[in-house]
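> I am attaching a structure below and will ask some questions about it afterwards.
The values are calculated or read from the model by the stated rules, or taken from the named source; none is laboratory data. Computed from a prediction, not measured in an experiment: that's the story for all the values here. All Cβ positions, even for glycine, are placed from backbone atoms using ideal geometry, and neighbour counts span all protein chains on display.
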Amino acid sequence: MLDLLIIGGPTATGKSELACCLAERVSGEIVSADSMAIYRGMDIGTAKPTECLKRVRHHLIDVAEPGEYFDAKLFERKASEAVEDIRRRGKLPIVCGGTYLYLQALLYGIEETPPPNWKLRKRLYSMAERRGRVHLHRKLSVIDPIYARKIHPNDLRRSVRALEVFLETGRAFSSFHRWDKPKFNYLGVYVSRDWDELSRRIEIRVHRMIEKGLVDEVKRLLDKGFEGFLTSSQAIGYKELVPYLKGEVSLEEAVEEIVKNTKEYAKRQKRWFRRQGWVEINLTNMSIEEACEKLLTLLP
């Protein structure tokens, strides 16, 4: 018996559209595994599936305010609750997203880690400002090489959290994670596209976000006092527009930076999903409807 289906892959591949198509065909519900879509008011830059939200019930979208504390452990708990609720009602949980650390947390679980130590965290961020993000990642590589290999050297938020936990507990952050036996009987699907096409889709997507009003969305969030959150390393599509709104760069330069950072993130996602050995569905020469039909044949 299948507990859940996971549809993952890099940004802009079309995984949300595929998940929506399948959910309608099998009377499923979607659990979002996107670390940014959980935040209210961050709609355009996270490409929330607006039309699909009207047709299919979603979970873990718009459940927190920007800047509100939300980590992989909290995601594990809330996503597990959503999965069990969906299954209890006789429907198929379809977990869809590209935040691979969240997917790992859901599948394998995370031992409870200490609550945030804001004073210590502030010191670590100050160190990063003085000596650079890579400096903190190097420190992490010494005390926890397993987790350091899993995150990008520029991922300051996760480097800081891992160092914070080590300094609080004396234990490597990776020791809180179990990657051997999944908690669910699941089918993992990796949605991909050839890189040239994915690269073009990212460029088109970013420009459409600007046309839809992403600049105004960022301005509203800044006006609400969320600058510290928007400038974090994970807020791609938002952090690049803050310097533009401050008059430090042109809009063209900001958009180029969004495209560049999004492509770099997509490459990291591709590497992770390829390593999982999941069923790959390449949408380069396949429509969403064709992919949906193929996926239906894989379900028990």
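> How do the pairs read when you match residues in region 142-160 that are aliphatic (A, V, I, L, M) with residues anywhere that are part of a loop (DSSP other than H, G, I, E, B), using Cβ under 6 Å and keeping only pairs 6 or more apart or on different chains?
Every condition considered, the pairs that remain are Leu156/Ser233.
> Sticking with this one: Looking at (1) within 30 Å of Arg40 (Cβ to Cβ); (2) modelled with pLDDT of 90 or more; (3) of a type outside the set (Asp, Glu), can you tell me which one Trp118 breaks?
(2)
> Pairs only if they're at least six apart or on different chains, beta carbon under 9 angstrom, first in region 68-84 and β-branched (Val, Ile, Thr), second crowded, with 17+ Cβ neighbours inside 10 Å and part of a helix (DSSP H, G or I); list them, first residue then second.
Matching pairs, first to second residue: Val83/Leu106.
> Then there's this: Residues that are under 24 Å from Ile110 (Cα atoms): list the helices (runs of 4 or more DSSP H) wholly contained in region 1-99 that include at least 3 such residues.
The helices (runs of 4 or more DSSP H) meeting that bar are 72-88.
> While we're looking at this one, here's another question. Kindly evaluate Ala79 against the criterion of being under 16 Å from the mean Cα position of the chain (by Cα), surrounded by fewer than 16 Cβ atoms within 10 Å (Cβ to Cβ) and farther than 16 Å from Phe176 by Cβ. Quick ask: steps written out before the conclusion?
On the way: under 16 Å from the mean Cα position of the chain (by Cα): yes; surrounded by fewer than 16 Cβ atoms within 10 Å (Cβ to Cβ): no; farther than 16 Å from Phe176 by Cβ: yes.
Judged against the criteria, Ala79 is not a match.
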